[in-house]
1. Need one number: % antiparallel among DSSP beta bridges in the chain, to the nearest 5.
2. Given H placed on each backbone N at 1.01 Å, which residues far from residue 285 in sequence or on other chains put an amide H within less than 5 Å of it?
3. Take the alpha carbon atoms of the range 195-263, find their center, do the same for the range 304-353, and report the distance between the two centers in whole angstrom.
4. Check which residues have an amide H placed less than 5 Å from residue 250's amide H, if you skip close sequence neighbours.
5. Using only Cα atoms and rounding to the nearest 10 degrees, what angle (0 to 90) does helix 62-72 make with the longest principal axis of the chain?
6. So what are the ³J(HN,Hα) numbers for the range 14-24, from phi and the Karplus equation (6.51, -1.76, 1.60; θ = phi - 60°), rounded to whole Hz, Gly and Pro as x?
7. Of the heavy-atom accessible surface of the chain (probe 1.4 angstrom), what whole percent is carbon and sulfur?
8. What list of ³J(HN,Hα) values in whole Hz, one per residue of the range 236-244 in order, does the Karplus curve 6.51 cos²θ - 1.76 cosθ + 1.60 (θ = phi - 60°) give from phi, with Gly and Pro shown as x?
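The values are calculated or read from the model by the stated rules, or taken from the named source; none is laboratory data. What you see is a predicted model, and the numbers here were worked out from it, not measured in a lab. Every residue, glycine among them, receives a Cβ derived from its backbone with ideal geometry; neighbour counts consider all protein chains shown. When the accessible area is computed, the model is the full protein with side chains, heavy atoms only, and any ligands, DNA or RNA have been set aside. Shrake-Rupley method; radii C 1.70, N 1.55, O 1.52, S 1.80 Å.
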Amino acid sequence: MTILVTGGAGFIGSNFVLDWLAQGDEPVVNLDALTYAGNLRNLASLQGDARHVFVHGDICDRALVDQLLAQHRPRAVVHFAAESHVDRSIHGPGAFVRTNVEGTFTLLEAARAHWGALQGEEKSAFRFLHVSTDEVYGSLAPDAPAFTEEHPYEPNSPYSASKAASDHLVRAWHHTYGLPVLTTNCSNNYGPFHFPEKLIPLLIVNALAGKPLPVYGDGRQIRDWLYVRDHCSGIRAVLAGGRVGQTYNIGGWNEQANIDIVQKVCALLDELRPDAAGPYARLVTHVADRPGHDRRYAIDARKLERELGWRPAETFDSGIRKTVQWYLDHPDWVAEVQSGAYREWLSTNYAAR
Ligand code: NAD
Ligand code: DAU
């Protein structure tokens, strides 16, 4: 048996592939276009491991996806590949529509053709698991209950709109064609291999370089943070036991305001890598807000717990400590991802704020 993972060189995908192969011997075919966010270095520990087959390619390439399905006959597709950064979607939404909508459509059509030709046990066991986000539900009022799977879709950014569109395609391919799909909607992840355009790794990398720590607006926006390996275990649980056609929220029961995250990261760095120039919080800089910035996300993950017994293993305190320590232990990884393209992005997003 084999699974086909898309986007397995990105942040969550690479954690998923590493965890998957640490837990069993079922091979992974990993299709990734290696955009700025994809990094084979994340998978360096798998070099020479025959259980991991890396394919450099685009999920919009139907012929390639058809060929991979025919050649490897995976029992499941686990679909991570996406453009994932909200700020980039504001500067350039086209890539988000292409990969997140057209790419998901291409995969669904290829999976439908492949699954349609399967027989017996192979056909009934096949799954298409679509990895999505809590951002499709929109923004919560301060006292509103957390998002359940029944919450209406109200995406507010080009990123979340493109993910919402992909969720709808997945749903329709089940409803209309019977494709055995599963969808997961997860809250904000953090952990190793997180690209430093996103808040937590950006804070760590900037603080260590003595650069400003940019806080959008008043910093009182709330996110619900989950350690990435807990997200991966949630996806494995849904793949193994999720009911076909259902969606499952995955979250850490860990709502925090951005400014509190900033203070915690600074305090950990003060403890683990004190700076002679003073506490890292001196670098906090409030900058212009993100246009259309969602104020609050919170995930109600009780369905996943009730049906499949999943709970996160990490608390925020344990997960953030591991994360900060990982960045301190991997200066080469950090240096490598800070390429010219990364510096260009920093100037696009922050220079005029
Ligand atoms: P990421 O940006 O770190 O990685 C995306 C990966 O997809 C990269 O390896 C990239 O090379 C690859 N990719 C992009 N376009 C591609 C294409 N056209 N064909 C093939 N590969 C392509 O993203 P991430 O943070 O790891 O997120 C993975 C998935 O999880 C996404 O679908 C995202 O929407 C979802 N998600 C992310 C979070 C989070 O906090 N990061 C939370 C919930 C859901
Ligand atoms: O909720 C799940 C989503 O979480 C995923 O679907 C996305 O792929 C992922 O990128 C993440 O989206 P966010 O926009 O919440 O993540 P980001 O790390 O970009 O920002 C987290 C919060 O911090 C958000 O309120 C914006 C704020 N922020 C971000 C950056 C990069 C700042 O204040 N300053 C910054 O420089």
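1. 10
2. Hits under the 5 Å cutoff: 213, 215.
3. For the range 195-263 versus the range 304-353, the Cα centre distance is 8 Å.
4. For residue 250, the qualifying residues are 185, 186, 187.
5. That helix lies at roughly 70 degrees to the long axis.
6. 6, 4, 5, 4, 4, 5, 4, 7, 6, 9, x
7. Details: 7510 of 14340 Å².
Exposed carbon and sulfur together represent 52 percent of the surface.
8. Per residue, the Karplus-derived 3J(HN,Hα) values read 4, 5, 5, 4, 6, x, x, 7, 4 Hz.
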